[in-house]
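J.: Attaching a single structure in structure tokens format; questions to follow.
Bear in mind these aren't lab numbers, they're just calculated from the coordinates by the rules spelled out. Being a predicted model, the structure only gives us computed values, none of them experimental. Counting neighbours? That spans all protein chains shown, and the Cβs are built from the backbone with ideal geometry, glycine included.
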Amino acid sequence: MYALLFHFFFFFFFVPFVPSWPTSVHFTLIAADSGRQIVEEAQKRTDAKSQRYEGVLQVFDGKGKIADKRWSFERLGSHGQSKVVLRFSAPAEVKGVAMLIVNHPDRASDQWMWTPAIERDRRIALQDRSTRFFGTDFSFEDLDERDVNQYDYTLAADNDIVDGTACWKIQSTPKESKSSQYTKSILWVRKDNYAFARIENFVKDQVVRRATYSDIQNIQGVWTARQLEMADLRRGSRTRLTLDKLEYNVPLKDEDFTLQAIRRQ
Amino acid sequence: MIEERRVITKTRRTRRNTKQVLYKALFVCFVCFVPSRYRDVSAQTFTQRGFVEGSVILFPQDAVNDTTRIVGDLRVRDEIFIKPAPWIQFAGGLDLRLNSHDQAERAWRVDVSDRGALRPSIAVRRLSATVTHKGITVDAGKQFIRWGKTDIVTPTDRFAPRDFMNVVDTEFLAVTGVRAAVQAGSGRDTLEVVWLPRFTPSRLPRLDQRWTAVPAGAAAIPIVDAGAVLPEGSEAGVRWSHVGNGIEFSLSYFDGFNHLPDIDAATTINAQPARPAERAIAIRRDYPAILAYGADVAVPMRWLTIKAETAYVASASAATPGSDDYLIYVVQLERQTGEWVFVAGYAGEHVTAQRAALTFAPDRGLTRSIVARASYTIDATRSVALESAARQSGGGVYAKGEYSQARGQHWRTTITGVVIAGASDDFLGQYNRNSHAAVALRYSF
């Protein structure tokens with residue numbers, strides 16, 4: 001879920017060594033450089049000029065599915081400097097709601113939301129980003145696309161098994177300049193194709209959100225997870241995102257990624 | 001109601017009728033033919049949204065001029081958007097309305113302009129074409145144009161008339177005209193130019209209903225609607241917006257008419273044959289020509305977002321000598337933490353020249369007030385919201401609580417409770433007999 005990784009849910013960041021290392025996270029720190037190299041390679045392999053897909057979101061609480069949402073997603077530009085337009089098509093009451101995300105390599109992304117019911121756009125401020133995105137288990141911060149330079153990485157385990165696949169286990173912490181709701185994240189990167197297998201996001205020493213990537217396919221040369229499940233461990237709910245009609249390097253125009261453009265339905 | 005007074009030459013009327021017929025014909029073609037042609041072509045070229053909503057409002061108290069305590073409303077909305085090519089898009093929408101308290105017209109007709117005193121039974125909500133070329137966007141037709149950044153009061157939002165049939169639960173009315181936006185600097189700078197050939201006023205509460213507050217002492221005197229003088233001229237505005245790294249701001253200029261009227265109230269003697277002479281108050285609405293100079297700014301910070309907006313509104317005195325000059329300003333703080341959203345702010349007003357004796361101006365009526373709003377998203381289907389406004393003078397208080405729950409992919413129920421208290425001479429306080437509860441059931445499609 002490479003692509004997903006970098007234009008969607010990305011969190012992470014880390015300090016190579018935390019003096020009061022949480023007892024709940026027992027692993028051996030191996031090499032900071034190799035952790036970063038692996039993530040860089042993962043990012044490199046997902047490189048595409050643009051991307052488009054239709055996403056299906058299914059929200060589950062402890063008792064079962066409570067909501068379905070659909071959106072179209074378009075991204076233009078390279079990692080860390082891309083622009084994203086995300087437009088809801090279902091349920092009917094949120095049709096036309098759109099988001100513009102402008103990512104920056106050196107700071108948090110700028111995000112705006114267009115709400116057709118009031119015909120206005122609204123900037124989503126920094127402090128808003130821990131908020132759940134439209135009642136799903138993704139937060140607004142999870143929509144950010146993060147450049148590797150915004151985080152520090154440490155290879156925590158060289159051969160961890162996730163769903164029967166060998167993975168690198170990498171700890172990432174946001175750099176001081178990076179504002180994040182997460183204290184740190186643990187990433188599992190598949191050794192066979194550098195796709196992300198799982199990401200756990202921590203607040204202090206507690207895992208608060210877990211992303212699990214599955215149905216990994218090679219789409220136009222990019223190994224991509226077609227399904228991502230984000231679990232909010234504090235609430236006991238989860239959201240599954242499925243990617244349909246995924247395409248890379250589609251012809252998109254820069255002028256379609258502006259505040260004026262998201263007004264158009 | 002007395003017919004609105006307008007002096008229109010026969011030629012103009014004929015031209016207008018022709019326009020109406022053309023509009024209607026275009027709309028029928030648009031709604032019936034084009035969608036069926038494009039619906040199957042691609043989801044990218046055709047989108048539709050709409051809803052059916054039924055609501056019931058219960059007022060526990062009689063008002064001085066209105067003893068109806070239960071009001072039912074039914075609204076059907078359908079909007080379609082067609083994009084036959086990447087550079088052009090058409091938008092169309094209809095609103096159908098029924099109301100148990102005579103707030104909507106009974107006659108079934110399509111109203112394109114939506115400028116009447118009553119809500120049309122069938123209104124063209126929007127009908128526009130959007131053309132884009134590189135950084136230039138031109139919208140032409142009936143559309144919504146929103147300016148400003150604040151939520152409590154938006155002083156620069158001059159092209160956004162509203163339906164004030166219920167003063168505390170309003171909706172925007174579209175305007176007819178052309179809006180051009182030119183972007184530069186990768187979309188960071190935008191220059192908007194708006195021209196409206198025809199003025200659209202806000203819709204006011206009916207004079208014989210509770211949202212027209214009548215003092216108890218005046219209950220015995222009949223109030224009659226002497227109509228409105230709708231200005232015939234065009235309106236124009238320019239707005240420059242800049243989006244920076246840690247700040248975004250806009251400057252705007254408006255030359256047009258206030259969509260909220262000055263009120264001309266005159267005592268008349270209604271002498272009819274075979275009936276004793278009767279005193280009455282005739283209410284006429286005048287929409288003053290104004291110039292408005294505005295600015296708005298939003299500064300997102302680590303812990304909160306500061307938004308501010310101001311506009312200086314000056315009457316074009318030669319045309320409307322009886323209108324006020326005033327400055328409205330709003331400072332608003334926003335904070336979102338977890339699933340909570342908090343908005344609080346102060347709206348103020350400074351009158352530099354007072355000329356109008358009587359106005360209907362909810363924007364000014366809500367100034368000198370502290371307004372706060374909190375909302376909480378419980379989960380993907382449920383939310384609650386609290387909203388309150390208190391006048392600085394202590395003269396009026398408004399509080400609203402709302403619970404909303406979705407069911408399945410289409411249904412949503414919203415339960416609302418509103419409490420209004422205060423003195424009769426205060427803008428909010430005058431509605432002190434209009435506290436109410438409401439239930440709305442919406443099916444979205």
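J.: Within the stretch B:183-227, can you find the residues that are out of contact with any Gly (no Cβ under 6 Å at 6 or more places or on another chain), more than 30 Å from B:S435 (Cβ to Cβ), not polar (S, T, N, Q) and not in a loop (DSSP other than H, G, I, E, B)?
T.: Hits for the stretch B:183-227 are B:A184, B:D189, B:L191, B:E192, B:V193, B:A226, B:G227.
J.: Among the residues of the stretch A:225-234, is any within 14 Å of chain B (Cβ to nearest Cβ), surrounded by fewer than 16 Cβ atoms within 10 Å (Cβ to Cβ) and either closer than 30 Å to B:A85 by Cβ or not aromatic (F, W, Y) (or both)?
T.: yes
J.: Any idea which of B:W195, B:W240, B:W211 is among the hydrophobic types (A, V, I, L, M, F, W, C) and in contact with a helix residue (DSSP H, G or I) (Cβ under 9 Å, 6 or more places away or on another chain)?
T.: B:W211
J.: Can you tell me which residues in the stretch B:192-223 are in contact (Cβ under 8 Å) with a residue 60 or more places away in the chain, more than 30 Å from B:F144 (Cα to Cα) and in contact with a Lys or Arg (Cβ under 9 Å, 6 or more places away or on another chain)?
T.: B:I221
J.: Going by what's in this entry, would A:S89 be described as hydroxyl-bearing (S, T, Y), in contact (Cβ under 8 Å) with a residue 40 or more places away in the chain and in contact with a Ser or Thr (Cβ under 8 Å, 6 or more places away or on another chain)?
T.: no
J.: From the set of residues in the stretch B:231-261 that are part of a loop (DSSP other than H, G, I, E, B) and among the aliphatic types (A, V, I, L, M), which is farthest from the other protein chains (Cβ to nearest Cβ)?
T.: B:L260
J.: For the stretch A:67-181, give me every one of the strands (runs of 3 or more DSSP E) that falls completely inside it and has 3 or more residues that are more than 11 Å from every other protein chain (Cβ to nearest Cβ) and in contact with a strand residue (DSSP E or B) (Cβ under 9 Å, 6 or more places away or on another chain).
T.: In the stretch A:67-181, A:83-90, A:98-102, A:151-162, A:165-174 are the strands (runs of 3 or more DSSP E) which contain 3 or more residues that are more than 11 Å from every other protein chain (Cβ to nearest Cβ) and in contact with a strand residue (DSSP E or B) (Cβ under 9 Å, 6 or more places away or on another chain).
J.: Scan the stretch B:392-445 residue by residue and report those that are charged (D, E, K, R), surrounded by 16 or more Cβ atoms within 10 Å (Cβ to Cβ) and closer than 17 Å to B:S55 by Cβ.
T.: If the condition is that a residue be charged (D, E, K, R), surrounded by 16 or more Cβ atoms within 10 Å (Cβ to Cβ) and closer than 17 Å to B:S55 by Cβ, then B:K400, B:E402, B:R412, B:R442 are the ones that fit.
J.: Do we find that A:Q220 is within 11 Å of another protein chain (Cβ to nearest Cβ) and in contact with a strand residue (DSSP E or B) (Cβ under 7 Å, 6 or more places away or on another chain) in this structure?
T.: Answer is no for this residue.
J.: Taking the stretch A:92-118, which residues are in contact (Cβ under 8 Å) with a residue 24 or more places away in the chain, closer than 11 Å to A:I262 by Cα and not hydrophobic (A, V, I, L, M, F, W, C)?
T.: Within the stretch A:92-118, A:G96, A:P116 qualify.
J.: If I ask for residues that are closer than 16 Å to A:E40 by Cα and of a type in the set (F, W, Y), which ones from the stretch A:163-219 would you list?
T.: Within the stretch A:163-219, A:W168, A:W188, A:Y194, A:F196 meet the criteria.
J.: If you check B:T176, B:T130, which single one turns out to be assigned to a strand (DSSP E or B), buried (at least 21 other Cβ atoms within 10 Å of the Cβ) and at the interface with chain A (Cβ under 9 Å from one of its Cβ atoms)?
T.: Answer to the check: B:T130.
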